[in-house]
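As C-alpha cells, the structure follows; a few thoughts come after it.
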Amino acid sequence: MVSGARLEVRGVSHAFALEKRALPVLQAIDFIAEPGDFVALLGPSGCGKSTLLRLVAGLEPPSEGQLLVDGVPITGTDPSRTIMFQDPTLFPWRTVRGNAQLGPEARGSLAANAARIEAALSLVGLDAFAEAYPHQLSGGMAQRASLARALVNEPRILMLDEPLGKLDSLTRLAMQRELVSLWQRERFTALLVTHDVEEALLLADRVLVLSDRPARIRADIRVETPRPRRRDDAGLVALREEILALLGLAQAA
Amino acid sequence: MSATTLGAGLLAPSRPATFWPTGWVAGLAWIAAAAAIALLPDADDLGRTQALAALAAGVGGLVLLAAFGSSVPALALRLARLREAGPWLIVLAAALTAWELATAKYAVLPRPFFAAPQSLLEVFTDDYARLGESVWHSLLLVLPGYALGAAIGFLFGIAMGWSRLVGYWAHPVVRLIGPLPATAWLPVAFFAFSSSRGASTFLIALASFFPVTVLTWSGVSAVSKAYYDVARTMGASPWFLVRKVAVPAAMPSVFVGLFMGLGASFSVLVVAEMMGVKAGLGWYMQWAQGWAAYANMYAALLVLALMCSGAVTLLFRLRDRLLSWQKGLVRW
C-alpha cells in the first residue's frame with residue numbers, strides 16, 4: 001500500500017509575467033504537510049491558490065523558494081503528484097475507461113495496470129459507464145471519472161483544485177463524503193483548494209487561510225473535530241465565523 | 001435503440017407504415033415523363049428515345065412499388081430512407097420532363113449546345129468503355145495526389161502547431177503561397193517535372209496540401225492547455241502529447257481541411273487533364289468539346305460530379321466513424 005508523502009513548501013513566491021509587468025501571485029508561502037494530512041487552501045477567488053497546486057504538481061517552477069517531497073526538490077511533473085481540476089478535463093475522444101487509463105498508457109505500463117484501472121472505475125461507481133463518452137456523463141459522473149483517472153496513478157499527493165466547484169449542491173454533498181472516505185482508506189496526502197469555508201472545514205485536518213493576491217498565509221487552523229462531521233457542529237460553526245472574520249466577511253450576528 | 005443522425009432526424013421523424021401520398025405522386029410523375037418521352041414526336045432525329053422512356057417508366061414503376069410497400073408494415077421500415085427522398089423524386093421527374101420538352105421535343109434550347117436527355121443516355125450506352133477508362137485514369141491521378149498532399153499537409157500542420165520554430169518560418173510562407181490557386185503553378189510544374197503525370201500529381205497535391213495544413217495547424221493550436229497539463233502530470237512524454245492529445249483533439253478541424261482539399265484537388269485534376277495529361281475525364285471533356293460533341297461533355301460532367309460527391313460521401317463516412325465521440329454524431 002502506498003502511503004502519503006511529506007510536502008514541504010519553503011519560502012515560495014511566484015509571479016506571472018503579464019505584458020512585461022511581473023504580477024506577484026504568491027508571497028513567501030511556508031508550510032509543511034505531513035504524510036496523510038488533509039490540508040485545505042482557502043482564499044478568495046483569484047488569489048493564487050491554484051497556482052500553488054501547479055507548482056506542487058511540477059507544471060511550473062516557482063520564481064523563488066523551494067518545494068520538497070519527502071526531502072527531494074520538485075523538478076517536474078510526476079504521476080505520484082496528481083491534480084484533479086475544477087473542470088473534469090476528460091478527453092472527449094476517449095471513453096471513461098480510455099480516460100482512466102491515460103496515466104498508465106502514457107508511461108507504457110497499460111498491461112500491468114489493467115486491474116487497477118477497473119478497480120478505480122468501480123471505486124468511483126462508474127464501472128457500468130466504462131464505455132460511455134464524456135459528453136454522455138452528468139457533471140458529477142464526469143468528476144468521478146476524473147477522480148478515477150487520478151487514482152489510477154496511486155498518487156502520494158492528491159491535489160484537488162476546487163473539484164466540486166461546478167457541481168449541483170446535492171452531488172456536491174455526496175462527493176464530499178466520498179472524498180473523505182476515499183482519503184481515509186488510501187491515506188494519500190491531500191491538498192484541497194477551495195473558496196468554500198464549509199467545504200474546507202468538513203473535509204480537512206488543517207485549513208490554511210490565504211490573503212488576497214499576492215497570497216500569503218493568514219492563518220493555519222487545525223480542525224480537530226472527529227469524522228464524520230456535521231456542518232452544524234458547534235466547533236465547526238465557531239471556526240467558520242473565525243475564518244470569515246479573517247477574510248473580512250464576518251457575519252453580523 | 002434507434003436514433004438517427006441529427007440532420008436526418010430533423011427531416012424525417014420515423015413513422016410506422018402509412019399511406020405515402022408523395023410516393024404515389026412521384027411514381028405517377030415518372031410514368032407521365034415516360035409517356036411524354038415515348039409519345040410526343042422528336043423535333044430532330046434522335047436515338048435512344050424509347051430506351052429513355054423505358055428507363056423513366058422503370059423508375060416510375062419502382063417508386064410506385066415502394067409507395068405500395070410503405071403501407072405494408074413489414075416493408076415500411078426498410079423504405080423509410082426512400083421516403084425522405086420523396087419530394088426530390090417528384091422534382092427530378094418534373095425536371096426531366098421539362099428538359100426533354102425544351103430540347104428533344106420542341107427544340108427551344110438550340111442544339112448542339114444543349115443536349116437532349118436521350119443523347120446523354122446514348123453516350124453512356126455507346127461510349128461507356130472510353131468513359132469508364134477516363135474515370136479510371138482520373139482516379140489514378142487524383143487519389144495519389146490528394147492523399148500525398150493531405151498526408152504532407154497533416155504532418156506539416158502538426159509541426160507548425162507544435163513547434164514554435166516551424167510555425168515562425170512556415171506561417172508567413174503558407175499565408176503568402178497558400179491562397180494562390182494551385183493551377184497558377186502550371187507553368188512551373190510542367191517545367192520542373194519531366195512528365196505531365198508528375199506535374200499534375202504535384203499540382204493536385206498542392207491543392208489539398210494547403211487547406212489540410214492550415215486547418216490541422218489551427219486545430220492543433222486550439223487544443224486546450226488543460227489537456228496537456230493533465231497528461232503531463234501523469235508522466236506523458238512530448239511524443240505522447242502529440243500523438244494522443246494534439247492529434248485527436250485536432251481531428252474535427254483536420255476533417256474540414258480534408259473536405260476543402262478534396263474539392264480543390266478535383267478542380268485541379270480537370271484543369272491538369274485539359275492542359276497536358278492525355279487521359280481522364282478532363283481530357284475526355286476537352287476532346288468532346290473539340291468535336292462539338294456536347295452530349296459527351298455533359299455526360300462526362302455528370303460522371304465527374306458523381307465521382308466527386310462519391311468521394312465526399314466516403315470522407316463523411318470515415319469522419320462519422322472516427323469522430324463518433326463528437327456530440328450529435330453518436331450512433332448507438
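The values are calculated or read from the model by the stated rules, or taken from the named source; none is laboratory data. Quick caveat, the model's predicted, so the values are computed rather than measured. Here Cβ is always computed from backbone atoms with ideal geometry, including for glycine, and neighbour counts include all displayed protein chains. For the accessible areas, the whole protein counts, side chains as well, though only heavy atoms, and no ligand, DNA or RNA atoms are used. Shrake-Rupley method; radii C 1.70, N 1.55, O 1.52, S 1.80 Å.
Select from segment B:284-303 the residues that are of a type in the set (F, W, Y), in a helix (DSSP H, G or I) and open to solvent by 20 Å² or more (accessible area, probe 1.4 Å) and list them in ascending order. Across segment B:284-303, the qualifying residues are B:W287, B:Y294, B:Y298. Can we say A:A28 is assigned to a strand (DSSP E or B), touching a residue at least 40 places away in the same chain (Cβ under 8 Å) and more than 16 Å from the chain's Cα centre (by Cα)? For A:A28, the condition - assigned to a strand (DSSP E or B), touching a residue at least 40 places away in the same chain (Cβ under 8 Å) and more than 16 Å from the chain's Cα centre (by Cα) - is met. Is it true that some residue in segment B:211-222 is within 25 Å of the chain's Cα centre (by Cα), open to solvent by 70 Å² or more (accessible area, probe 1.4 Å) and modelled with pLDDT of 85 or more? No: zero hits.
For segment A:148-169, filtered to residues that are open to solvent by 10 Å² or more (accessible area, probe 1.4 Å) and assigned to a helix (DSSP H, G or I), the residue that is nearest to A:R185 (Cα to Cα) is A:L151. When B:W185 is tested against (1) in contact (Cβ under 8 Å) with a residue 24 or more places away in the chain; (2) open to solvent by less than 80 Å² (accessible area, probe 1.4 Å); (3) of a type outside the set (D, E, K, R), only condition (1) is not met. For segment B:193-210, which positions are part of a helix (DSSP H, G or I), open to solvent by 70 Å² or more (accessible area, probe 1.4 Å) and out of contact with any Gly (no Cβ under 8 Å at 6 or more places or on another chain)? Of everything in segment B:193-210, just one residue is part of a helix (DSSP H, G or I), open to solvent by 70 Å² or more (accessible area, probe 1.4 Å) and out of contact with any Gly (no Cβ under 8 Å at 6 or more places or on another chain), namely B:R197. Of everything in segment A:88-122 that is of a type in the set (A, V, I, L, M) and buried (at least 18 other Cβ atoms within 10 Å of the Cβ), the residue that is nearest to A:L164 (Cα to Cα) is A:L90.
If I go through segment B:242-283 residue by residue, how many of them are in contact (Cβ under 8 Å) with a residue 40 or more places away in the chain, over 19 Å from the mean Cα position of the chain (by Cα) and open to solvent by less than 10 Å² (accessible area, probe 1.4 Å)? Final tally of qualifying residues: 2. Which condition breaks for A:R177 when tested against (1) more than 21 Å from A:F85 (Cα to Cα); (2) open to solvent by 50 Å² or more (accessible area, probe 1.4 Å)? Going through (1) more than 21 Å from A:F85 (Cα to Cα); (2) open to solvent by 50 Å² or more (accessible area, probe 1.4 Å) one by one, A:R177 breaks only (1). Note on segment A:94-123: residues that are without any contact (Cβ under 8 Å) to a residue 40 or more places away in the chain and of a type outside the set (D, E, K, R) total 16. Residues in segment B:310-324 that are assigned to a helix (DSSP H, G or I) and open to solvent by less than 60 Å² (accessible area, probe 1.4 Å): B:G310, B:A311, B:V312, B:L315, B:R319, B:D320. Criterion applied to A:V197, A:V237 was being among the β-branched types (V, I, T) and touching a residue at least 60 places away in the same chain (Cβ under 8 Å), and the one residue passing it is A:V197. In segment B:226-238, the residues that are free of Cβ contacts under 8 Å to residues at least 60 places away in the same chain and more than 7 Å from every other protein chain (Cβ to nearest Cβ) form Cβ pairs under 8 Å with partners that are surrounded by fewer than 20 Cβ atoms within 10 Å (Cβ to Cβ) and assigned to a helix (DSSP H, G or I), at six or more places apart or across chains, as follows: B:Y228/B:L241. With respect to the numbered conditions (1) within 14 Å of another protein chain (Cβ to nearest Cβ); (2) surrounded by 17 or more Cβ atoms within 10 Å (Cβ to Cβ), which one is the sole condition not fulfilled by A:G4? That leaves (1) as the condition not met.
Summed over segment A:115-135, the residues that are hydrophobic (A, V, I, L, M, F, W, C) and part of a loop (DSSP other than H, G, I, E, B) give a count of 4.
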